[in-house]
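Everything on this sheet refers to the single structure shown next.
Quick note: the coordinates plus some simple rules give every number you see, no bench work behind them. Predicted model only: the values in this text are computed from it and were never measured. Cβ: placed from backbone, ideal geometry, glycine included. Neighbour counts: every protein chain shown.
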Amino acid sequence: TNPETDPTYLAVVGEFDSTHEELTVYQLTGSSLIEKDTEDYGTNGPVNCVGWRPEQNQLIAGGFNLDGSSEIILYDFDGSSLSVNTTKGFTETSAKAIRAFDWHPTGSYVAVAFVDRVYVLDASLNEVLPSPYYVQLSSGSYYINSVKWYSDGSLLLIGLEDSPTIRIYKFENETLTLFKSDNNYSEIKSVDWLSSLKLRVVGGVAGGSFD
């Protein structure tokens, strides 16, 4: 949107103080940020990540036990207030928080990363991968730090703390299949794509090459 003529909104999550984890939506007006609505999770949480659904007035907040039972919450936003659309808890993850997620470019899916595994959910937060509904990437002794879809949604790039630190999965027919892995980093902090050329950008410890 054009901030001079159209409403422009942003969402932030984090620890407001020692007793409040919060999600807040602001409107950018000129050089001012105007608070539109805040979701206070109190002592639940932490809330670790937030993201708008592409081309929709919806967003997801992810973390742990946000409302007492859910690790991920999908909200609708009407320009002034947030309302809960649907929630999802992950009891099978042994009480481990969502560390990162990324919306598929179409807005039809979202990749959700816990400490050791990645789920793909549809826009109603239902699992779409074949049973057991996730891809296990580690034993839990090292963490998944970042996930990112390629611009056409055909590939999912994942960055981990330990080897193999970079993994690329093909996404076809609601299935993830390992396409490429690489060990040239001791720890990946964040990943992204240079979309037009199918190159990836990574940030972490001890850089290396990637073929």
Discussion item. Give me the one-decimal nm value for the distance between modelled label points at ASP40 and ASP152, 7 Å along each residue's Cα-to-Cβ direction.
Written reply: 4.9
Worksheet entry | Residues THR86 and VAL12, FRET efficiency given R0 of 25 Å [Cβ-Cβ distance, rounded to 0.05] | 0.70
Worksheet item: Roughly speaking, what is the stretch gain from ASN126 to SER69, that is 0.36 nm per residue apart minus the C-alpha to C-alpha distance, in nm to one decimal?
Response: 18.9 nm
Discussion item. If you average the C-alpha positions of segment 27-106 and of segment 115-151 separately, how far apart do those two centres end up, in angstrom?
Written reply: 17
Worksheet, complete the sentence: Of GLY51, GLY30, GLY42, the most mobile residue in a GNM of the chain (C-alpha springs, cutoff 10 Å) is GLY30
Response to the item:
Gyration tensor on Cα atoms of segment 115-166, a ≥ b ≥ c root eigenvalues, a/c under 1.5 rounded, else prolate if a/b beats b/c, else oblate, says oblate
Item to complete: Please state the charge dipole magnitude for the chain, taken about the Cα centre, from unit charges on C-beta atoms (+1 on K and R, -1 on D and E), reported in debye and rounded to the nearest 20.
Response: 780
Worksheet item: Picking from ASP116, ASP37, ASP17, which is most flexible by a Gaussian network model of the chain using Cα springs under 10 Å?
Response: ASP17
Worksheet item: Taking the Cα-to-Cβ direction at LEU28 and at SER190 and moving 7 Å from each Cα, how far apart do the two end points lie in nm?
Response: 1.6
Discussion item. I need to check one value: relative contact order of segment 36-181, counting alpha carbon pairs closer than 8 Å and at least 6 residues apart, in percent.
Written reply: 14
Practice prompt. For the chain, with a Gaussian network of springs between Cα atoms less than 10 Å apart, report the residue from VAL110, VAL47, VAL84 with the top mean-square fluctuation.
Written response: VAL84
Item to complete: Can you check what the net charge comes to around VAL128, using other residues whose Cβ is under 14 Å from the Cβ of VAL128 (Lys, Arg +1; Asp, Glu -1)?
Response: -3
